[in-house]
1. Exactly one condition in (1) closer than 23 Å to S232 by Cβ; (2) in contact with a His (Cβ under 7 Å, 6 or more places away or on another chain); (3) not acidic (D, E) is not met by S127; state its number.
2. Filter segment 52-75 down to residues that are surrounded by 12 or more Cβ atoms within 10 Å (Cβ to Cβ), polar (S, T, N, Q) and at pLDDT below 90, then give me how many there are.
3. State all residues of segment 142-161 that are modelled with pLDDT of 95 or more and within 21 Å of S230 (Cα to Cα); if no residue qualifies, say none.
4. Considering only helices (runs of 4 or more DSSP H) fully contained in segment 59-138, which possess at least 3 residues that are within 16 Å of the ligand (Cβ to nearest atom) and either among the hydroxyl-bearing types (S, T, Y) or in contact (Cβ under 8 Å) with a residue 60 or more places away in the chain (or both)?
5. Quick check on this structure: which one of F210, F228 is aromatic (F, W, Y), surrounded by 16 or more Cβ atoms within 10 Å (Cβ to Cβ) and without any contact (Cβ under 8 Å) to a residue 60 or more places away in the chain?
6. In segment 122-159, how many are surrounded by fewer than 17 Cβ atoms within 10 Å (Cβ to Cβ) and not acidic (D, E)?
7. When only residues in segment 100-135 that are more than 17 Å from the chain's Cα centre (by Cα) and among the basic types (K, R) count, which is farthest from Q151 (Cα to Cα)?
8. With closer than 22 Å to V82 by Cβ and either in contact with a helix residue (DSSP H, G or I) (Cβ under 9 Å, 6 or more places away or on another chain) or not polar (S, T, N, Q) (or both) as the only criterion, which of S159, S232, S136, S221 stands out?
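The values are calculated or read from the model by the stated rules, or taken from the named source; none is laboratory data. What you see is a predicted model, and the numbers here were worked out from it, not measured in a lab. Glycine gets a Cβ as well: all are built from the backbone with ideal geometry, and neighbour counts include every protein chain shown.
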Amino acid sequence: MERTGRTLLYFKRYLTTKSQPFTTKCQTLNIATLGSTNFSTEISTNHNHCWKCGIVKNSLDMFCEKCHSIQAPMQKNNYFKVLGVEEGFNVDTKLLKDKFRKVQSLIHPDKFSNRTHEEQTISEEYSSLINKAYSSLMSPMKRAEHLLLLQGGETIGESQTVDEPDFLMQIMRLNEEVEDAEQDIDKLKQLDEQNKNELEKLAKEIDKYFKNRDIDAAKKSIIKLKYFTSISNRINSIFREAGVTN
Ligand SMILES: [Zn+2]
């Protein structure tokens, strides 16, 4: 009775507190806010023309083929296109890193310090977009949310959960075990392994669902991924505080 009461209390606290950062992440992925800068419309109202020399562009290149001036990013809402990697949940993180470094080296604001104000502004906008795209795609959770938005037009709302009592019970137990094992590093390592297995299983599921365009199933698995990611963050923070490298 004692334990059940504590579990429910914990779970309630878990739902209300742990879901907060998640919602914030979702909000940053909203399409409306992704394109929040109105810079492009200030420079040029027509993306098909170079803002500087006015030629009709034949490609989505970062630089105008005629005057070689930097062009405002065209694919702001799709982080995969921003970085030039194939859209999907399974990404090659090494390739992602390579692409990021390559694009960042071309458009870094330092390279434009002696250029016009317009070019400086575009390079800053591009650079911050590249950083945001890269950090989002490197995180499985953020990558999954981004795909959900791109392919299903959906975000995961505050306190959104899955209607699966067994799953919720599993999460409650795992949270409770982590709480009980705060001083027991070996036990925590074991729980960490267990949690990582769940994350891997879900990653495979999410990849499969996106490939099959089964958005509802993908969404459900992403919500589950959220819970295990949260547990993983909690374990990692205990490890950090204890000075343990895992
Ligand atoms: Zn041009």
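1. (1)
2. The total comes to 1.
3. Matches in segment 142-161: K142, R143, A144, E145, H146, L147, L148, L149.
4. Correct list: 117-138.
5. Only one candidate qualifies: F228.
6. Going through segment 122-159, the residues surrounded by fewer than 17 Cβ atoms within 10 Å (Cβ to Cβ) turn out to be 124, 128, 131, 135, 138-139, 151-154, 157-159.
In the following step, the residues that additionally are not acidic (D, E) were identified as 128, 131, 135, 138-139, 151-153, 157, 159.
Residues meeting the conditions: 10.
7. Once the filter is applied, the top-ranked residue is R115.
8. Numbers: S159 fails: closer than 22 Å to V82 by Cβ; S232 fails: closer than 22 Å to V82 by Cβ; S221 fails: closer than 22 Å to V82 by Cβ.
Just a single option satisfies the conditions, and that option is S136.
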